[in-house]
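So the structure is just underneath, and the comments pick up after that.
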Amino acid sequence: MTSSAELADQLAADAVQLEREIAEIDLLVTQARTEAARHETRRATAADKLAQLGESSSVKEAVDLANQVATLTRRAALMDGQLEILEGKKKSIARLHASIRASADRVRELDGRAAGGAGDPSADDDGAVLPVAVSRLVLSAQEDLRREIARAMHDGPAQSLTNIVLQAEIVERLVVMDPASASGELRQLVAMVQQTLEATKAFIFDVRPMVLDDLGLVPTLRRSARDRGRRAGSAVAFESMGVDRRLPVETESGIFRIVDEAMASYLAARPDRISLSLDWGDLLVVTLRASRPPKEVPGLEFSESSETMPAALEAMVAERRAKHQAAVESARKAAIIRLPARLQKDLVHRAATIGLEAEILEDGSCLRLTVVVPGSAPDADQPDAITD
């Protein structure tokens with residue numbers, strides 16, 4: 001059995017270790033920035049010299065400069081990619097550090113309450129005793145998060161950087177052996193670097209959007225809507241009405257994760273229209289809706305029945321009318337874009353755990369979150385809409 005005091009001490013020790021890792025990353029970031037700036041300066045100087053070579057220059061001098069430019073381009077690209085990775089890792093670890101610190105404080109608070117409760121059978125002189133499974137769950141959750149980040153880094157940016165190194169080596173050999181062919185391979189290298197940087201930024205955004213910490217919920221959701229819509233080939237209409245304000249960190253993170261996952265699910269169904277709106281007031285109402293028009297059903301080719309219509313014909317008309325109405329209703333239901341039932345349940349549960357009210361409306365095609373906004377209502381003379 002593990003006591004709550006021991007669990008809190010373990011969490012505090014983990015937080016101290018993470019602080020050391022953050023300090024080490026800060027040092028690596030500083031070194032990476034210095035190296036990247038130095039390589040870029042040298043690359044620009046070499047590129048200028050290569051561009052200024054005249055016809056009287058020797059082939060060896062041109063080859064040496066081109067080789068130097070390719071090498072420095074490769075090194076600068078690697079340092080830039082490493083810098084992006086380090087900054088993303090720092091953000092992730094800082095978030096984990098804050099969470100562990102908060103958990104340690106919470107465990108100590110619960111331990112103090114339990115120890116002060118007279119007659120509480122779970123309390124003793126050493127503090128409240130917790131099952132081993134609880135402490136294992138906390139520690140395993142930390143390891144699972146680290147493992148997930150490491151795997152994603154290995155399969156994504158790290159693999160791309162390896163490909164860049166190989167391509168740079170090809171360019172380096174061609175500059176010496178076949179300078180005419182080197183230019184095409186160099187352009188491909190630059191394209192690979194740009195693609196890797198974009199993928200790294202997307203990975204960092206998925207792990208923990210830095211813009212969420214720096215600017216808040218509206219810019220983060222706007223970027224998420226734009227990026228996801230672009231990747232899915234379906235523009236997401238974004239609108240923010242009223243004056244946005246900063247919310248508690250866990251609330252902003254919860255809203256972003258819930259909306260982002262629901263948006264990804266809706267876009268996977270390829271809707272004709274998807275919209276995201278935020279309405280700021282004493283309550284923040286976030287509405288995500290996806291829709292597409294139902295397939296057209298051929299209309300009926302007969303007029304309304306009359307009293308002079310034979311009974312058999314009238315029965316046939318009524319049967320056809322019922323089938324037509326059933327076809328219209330079937331087309332309407334088929335056009336509805338629903339969140340999967342399991343995802344609906346999960347989103348509602350997660351919203352409740354952080355104090356949000358989540359509603360699944362319009363047969364599953366609409367998600368609405370309602371959040372109590374701390375502070376006073378915005379002034380009436382402020383601009384009341386920001387629309388993308």
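The values are calculated or read from the model by the stated rules, or taken from the named source; none is laboratory data. Fair warning: this is a prediction, and the values are worked out from it, not measured in the lab. When we count neighbours, we look across all protein chains shown, and the Cβ atoms used for this are built from the backbone with ideal geometry, even at glycine. Note: accessible area is taken over every heavy atom of the protein model, side chains too, but ligands, DNA and RNA are not part of it. Shrake-Rupley method; radii C 1.70, N 1.55, O 1.52, S 1.80 Å.
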**Request:** Go through Leu78, Leu18, Ala8 and say which Cα lies farthest out towards the positive end of the charge dipole of the range 2-110; charges sit on Cβ, +1 for Lys and Arg, -1 for Asp and Glu.
**Result:** Leu78
**Under 24 Å from Lys89, Cα to Cα: lysines that are on another chain or at least 8 residues apart** = Lys201
**Request:** Calculate the dipole size of the range 47-111 relative to its Cα centre from +1 charges on Lys and Arg beta carbons and -1 charges on Asp and Glu beta carbons; express the result in debye to the nearest 20.
**Result:** 380 debye
**Complete:** Counting only residues 5 or more apart in sequence or on a different chain, those whose built amide H sits under 5 Å from that of Ile337 are Arg292
**Prompt:** Ignoring ligands, DNA and RNA, what percent of the 1.4 Å accessible area of the range 158-253 is carbon and sulfur?
**Reply:** 56 percent
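Quick one: putting +1 on the C-beta of Lys and Arg, -1 on the C-beta of Asp and Glu, what dipole do you get for the range 1-104 around its Cα centre, in Debye to the nearest 20? If you can, show how the numbers build up before the last one.
Numbers: 14 positive and 16 negative charges, 48 e Å.
The calculation lands at about 220 debye.
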**Request:** Heads up, I need the accessible area for Ile354: 1.4 angstrom probe, whole protein in place, Å², nearest 10.
**Result:** 60 Å²
**Asked** How much accessible area does Glu61 have with a 1.4 Å probe, in Å² rounded to the nearest 10?
**Response** 80 Å²
**Item:** For the range 157-172, 3J(HN,Hα) per residue [Karplus equation, 6.51 cos²θ - 1.76 cosθ + 1.60, θ = phi - 60°, Hz, x = Gly/Pro]
**Value:** x, 4, 5, 5, 5, 4, 5, 5, 4, 4, 5, 5, 5, 5, 4, 4
**Asked** Sorted by mean Cβ packing within 10 Å, highest first, what order do the peptides 261-271, 154-164 take?
**Response** 261-271, 154-164
**Prompt:** Straight-line reach from Lys295: which lysines have a Cα under 26 Å away, not including same-chain ones fewer than 8 places off?
**Reply:** Lys323, Lys333
**Prompt:** Check Cys366: other-chain or 5+ apart residues with amide H under 5 Å from its amide H, H built from backbone geometry?
**Reply:** Leu361
